[in-house]
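Please read the structure below before turning to the comments.
What follows draws every value from the coordinates through simple rules; no lab data is involved. None of these values were measured; they are calculated from a predicted model. Methodologically, a virtual Cβ is constructed for each residue, glycine included, from the backbone with ideal geometry; neighbour enumeration extends over all protein chains shown.
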Amino acid sequence: MTENSLLFLKEMKPAQRGPVSETIEIIDGQIDVASRPKKKATAELHVVIGGTSISHNASANRPVVTRSRKASDEKAQVMVYGGSSVVSSAGKNVDVAAGMGTQVEQGKAPESPQKLLPAPALTEPMVETTLRSGFGWTSVPDAASYTIEIYRDADATQLVERATGIRETSWRTSTLPYGDFYWRATAVSKTGLDGFPARVVHFRNAAGLQGTVAEDVHAAGSIEGATPMAGVRVIAWRDDGNGVPDDADVRAGETRTDAAGRFSFDGLTPAVYWIAVDSLTINARMNTGAAAESIWAEQTFGSAGALCSDGAGAPVTRAAAGPCVGGRWASRSDDPGKLSTSKHLARVDTTDPAARSTASFGFSFNVVDNADDAEETRSRQGSLRQFIRNANAIAGPNAMRFLPATEPRPWWTIHCATPLPRVTDGGTSLDGAAWMAADPARLRNAAKEQRPDLEVDVAGTGEALATGAETTIASMVLQSAGTAVRAGAALSARNLLIGVHPDGTPGTAGETGITSDGGDLRLETVTIAGRTTGLVIESSRAQIRNTAILHATNGIVIRGGASGNNLLGDRFEDISGTAILFEPKGEARPSRNRISEAEFVSVGTPTASTGVASSARAGGCAYDDSAVNRGIAVPVIGGFETVPGGLRSLFGKTCAGTTVEIYAGTVGRRTTARFVRSLSPEYDGTFRVLVENMTSSTRTLVNATDKDGNTSLFATSEPPQTGKTK
């Protein structure tokens with residue numbers, strides 16, 4: 001007999017007298033025996049495995065249930081589940097009672113009987129249910145492994161599949177056809193003896209599918225290691241045969257994702273299905289008082305079969321799992337009420353029972369994938385406005401990722417009829433650098449190219465963007481006739497353009513580029529153009545580096561008690577008024593504001609103050625706290641000396657311990673001056689510096705900065721021909 005052989009025992013006839021004896025030899029495999037003779041009848045069954053003999057004596061009031069197995073060429077195993085048996089080998093006999101088992105090595109005496117393990121409790125599928133993802137059972141103490149058996153019949157005679165050596169308490173079949181089946185599990189001891197088999201359970205294997213919904217936080221187009229999204233509504237629609245997701249398809253069911261983000265549909269008719277995710281039911285950990293109705297996640301990932309935007313407005317079906325930015329259409333929002341308007345879909349074919357039917361989705365609250373704008377409770381899905389709403393409502397930092405899922409263009413412009421929402425949650429980052437929707441790890445433009453990819457044009461003369469919490473802005477253009485940015489909290493901006501298009505052409509002229517009146521301000525490589533005032537600083541500890549202010553009335557205005565601000569390497573061009581203007585308010589005067597390595601091109605005045613002039617004597621070490629920057633004294637420029645080689649040396653005096661900066665250029669109705677060098681004066685405050693390429697029209701500007709960061713206004717030299725010769 002082989003492992004899957006069936007054993008048929010002849011039923012005893014009433015006319016028969018005395019015990020009936022039968023002998024079966026196992027060449028390979030195992031045999032299960034269940035013998036219950038009729039009243040007053042007895043039966044003897046002998047099983048032979050090599051040199052081992054097993055005798056079973058059954059009667060009407062003492063039935064026998066056993067399993068005998070040829071475990072290997074050298075070993076036989078006997079398990080007795082009911083009645084008793086006698087195992088003989090090498091001239092020795094061992095009685096094996098119900099619930100016990102033994103094993104025999106070839107040519108040796110049977111081992112002492114050992115207690116069989118109890119049957120595991122079957123947990124999935126339960127009786128009269130549909131198979132979902134797999135089979136499950138409870139753990140049995142001291143079990144080394146488990147055996148799973150699936151049968152066509154309740155008597156466990158028509159074996160369909162057997163799996164042995166399973167170490168876990170779950171198992172998945174890959175070949176089971178659709179239909180009705182029975183299954184059981186058996187625990188196997190460390191010695192290899194089978195425990196009591198569980199009672200067979202009837203179940204049905206029907207078409208079904210599983211999947212997951214997860215949060216792709218960084219909009220990377222992947223859900224590997226992603227956070228599961230629980231409670232998301234998922235709908236299954238059965239296709240009507242035309243292969244198109246439309247309203248003629250039949251709604252087959254709906255479910256919600258569990259705590260692990262998983263969902264499943266069981267008992268489906270084998271067919272092609274469209275699986276739709278209702279994005280309006282995707283939730284997040286919210287800030288106190290925030291409304292769940294204000295957030296809206298956008299799709300960034302889809303499994304094989306997902307419908308994804310092709311960038312030209314038409315959906316394509318993914319052949320393999322990967323990025324799926326914008327779902328079916330990036331230019332439209334999800335309307336899950338109908339299949340024809342559902343945006344997040346995947347096609348699943350359940351007609352092949354051997355193929356696992358799955359559909360997985362990834363969503364992000366941080367992706368911006370279109371240039372649309374709308375002012376509603378929820379904005380356009382995947383829009384910049386919706387990202388800010390998400391960031392304000394969701395607890396923790398939010399970093400925008402721009403993945404335009406539309407046709408390529410030089411840059412994308414968002415036209416806003418109203419100002420953007422005020423940023424109210426710290427750690428919000430607005431970044432307009434465009435990444436490839438088909439490959440979110442790749443930038444659309446070369447990394448060295450500094451031109452922003454996203455332009456935001458806000459109508460009206462109000463504040464285009466206001467911040468009330470820590471915010472970062474990068475690689476973006478803002479156009480506004482009013483104030484482009486009002487920073488009421490810490491603001492960091494890099495590669496930001498205001499009033500100029502990404503290609504450098506003039507943009508919308510307006511009032512103020514940036515006003516900072518709360519928190520630290522950090523600007524790096526920012527360009528502000530066409531403003532009445534480029535930058536207003538009413539806060540402290542600002543760091544303004546490599547920033548250009550062009551075509552403005554005033555460049556930077558440092559107002560009130562703003563202090564501890566540093567301006568380094570900034571450029572001012574075509575400023576009709578003052579490039580850097582100090583503007584005290586009553587008793588509040590700016591102090592400890594450093595100006596260094598600036599460039600002035602056609603400016604009315606490089607630096608000035610609207611407050612009282614300092615009474616400190618020029619070239620000295622005195623201060624006047626009624627003036628800006630403590631009224632630090634300006635240097636005295638003594639003049640020029642001609643030195644051998646035709647060069648000219650500028651000499652002057654300031655307070656010892658300060659740092660002197662020299663600028664050279666032309667002074668007239670407008671001043672143009674570029675930084676030459678900085679130096680430390682001698683112990684007595686005198687300084688000398690060679691200035692190259694001097695002409696009769698060259699003028700020098702000199703300022704001094706003390707150790708606390710107070711920079712003086714500029715002192716301007718007379719033309720070089722008035723100096724003396726050394």
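A few points about this structure:
- DSSP bridge orientation in the chain - percent antiparallel, rounded to nearest 5: 60
- Each peptide in 527-540, 269-282 receives the mean, over its residues, of other Cβ atoms within 10 Å, and ordering these scores from highest gives 527-540, 269-282.
- By the count of other C-beta atoms within 10 Å, a proxy for reagent exposure, 632, 31 are ordered fewest to most as 31, 632.
- Fewest-first ranking of 497, 420, using other Cβ atoms within 10 Å as the exposure measure: 420, 497
- Packing here is the average count of other Cβ atoms within 10 Å per residue, and on that basis the peptides 513-525, 164-176, highest first, run 513-525, 164-176.
- Using only side-chain charges placed at the Cβ, +1 for Lys and Arg and -1 for Asp and Glu, the dipole size of the stretch 20-115 relative to its Cα centre rounds to 520 debye.
- Inter-centroid distance (Cα atoms) of the stretch 288-307 relative to the stretch 67-113, Å: 63
- Counting 0.36 nm for each residue step from residue 32 to residue 152 and taking away their Cα separation leaves a gain of 41.5 nm.
- Isolated Cys in the chain, by beta carbon distance under 4.7 Å: 416
- Euclidean distance between Cα centres, the stretch 141-183 to the stretch 499-559, Å: 72
- Put simply, the amide H of residue 638, placed in the peptide plane, has neighbours under 5 Å in 651, 652, 653, leaving out anything fewer than 5 places away on its chain.
- Each peptide in 399-407, 22-30, 232-240 receives the mean, over its residues, of other Cβ atoms within 10 Å, and ordering these scores from highest gives 399-407, 232-240, 22-30.
- Summarising the overall dimensions of the stretch 20-115 from its C-alpha atoms, the Rg and Dmax are 12.5, 39 angstrom.
- Inter-centroid distance (Cα atoms) of the stretch 586-608 relative to the stretch 202-222, Å: 61
- Taking the number of Cβ atoms within 10 Å of each Cβ as an exposure proxy, the fewest-first ranking of 415, 551 is 415, 551.
- A Cβ-based charge dipole, computed about the Cα centre of the chain with Lys and Arg at +1 and Asp and Glu at -1, lands at about 1080 debye.
- Counting lysine pairs in the stretch 20-115 that sit 8 or more residues apart in sequence, or on different chains, and whose Cα atoms lie under 25 Å apart gives 8.
- Positive-end residue, the chain charge dipole about Cα centroid, Cβ charges, pick of 291, 473, 26: 26
- Here, the chain has an Rg and a Dmax of 42.3, 148 Å when only alpha carbons are counted.
- With respect to the chain, whose longest principal axis is taken over its alpha-carbon atoms, helix 384-393 is tilted by about 70°.
- Subtracting the Cα-Cα distance of residue 168 and residue 271 from 0.36 nm times their residue separation leaves 33.8 nm of extension gain.
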